[in-house]
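The values are calculated or read from the model by the stated rules, or taken from the named source; none is laboratory data. Keep in mind that what you see is a predicted model, and the values were worked out from it rather than measured. Cβ atoms come from the backbone with ideal geometry, glycine included; neighbour counts cover every protein chain shown.
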Amino acid sequence: MATVGGLSPEIRILEGGEPRLLTDLGRIDPGSLESYRAHGGYAALENAIRHLSPEGVIGEIEAAGLRGRGGAGFPTAEKWRAARAVESDRKIAVANLMGADPTSLGDRTLAEGNPHLVVEGLLIAAFRH
């Protein structure tokens with residue numbers, strides 16, 4: 001499994017075209033925080049807060065080559081940089097879980113099968129000093 005430097009050894013990226021995002025489905029009890037944590041859940045958030053600046057987190061996302069799950073696959077790091085650059089006392093992170101293909105259930109599958117992964121991603125996205 002390919003991994004990325006600083007966030008967590010559990011970050012999944014595309015390796016040989018095989019998606020790694022849904023690999024924990026069936027392994028984790030989606031209704032159990034303890035189950036998610038027992039499989040390394042929230043380690044990436046802890047590492048981001050303890051060891052990385054917000055810019056460092058964005059750098060890790062960029063190095064991983066992560067892209068949005070919508071049809072355009074827009075680079076996630078670019079979205080996060082743009083959001084970070086906005087001057088505001090209040091910002092909101094949103095996961096709409098609406099795939100580009102209305103017949104695809106990938107986002108719903110992720111949200112139902114591993115909801116803590118979605119929450120952890122949102123918390124990392126919202127992280128700032």
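Annotations for the structure displayed:
- Any chance ARG69 is farther than 20 Å from THR23 by Cα, at pLDDT below 75 and either touching a His at 6+ places or on another chain (Cβ under 7 Å) or of a type in the set (Lys, Arg) (or both): no
- Taken over region 90-116, the criterion of being among the small types (Gly, Ala, Ser), at pLDDT below 80, in a loop (DSSP other than H, G, I, E, B) and farther than 12 Å from GLY68 by Cβ is satisfied by SER104 alone.
- Of residues in region 20-56 being part of a helix (DSSP H, G or I) and in contact with a helix residue (DSSP H, G or I) (Cβ under 7 Å, 6 or more places away or on another chain), the one surrounded by the most Cβ atoms within 10 Å (Cβ to Cβ): ALA44
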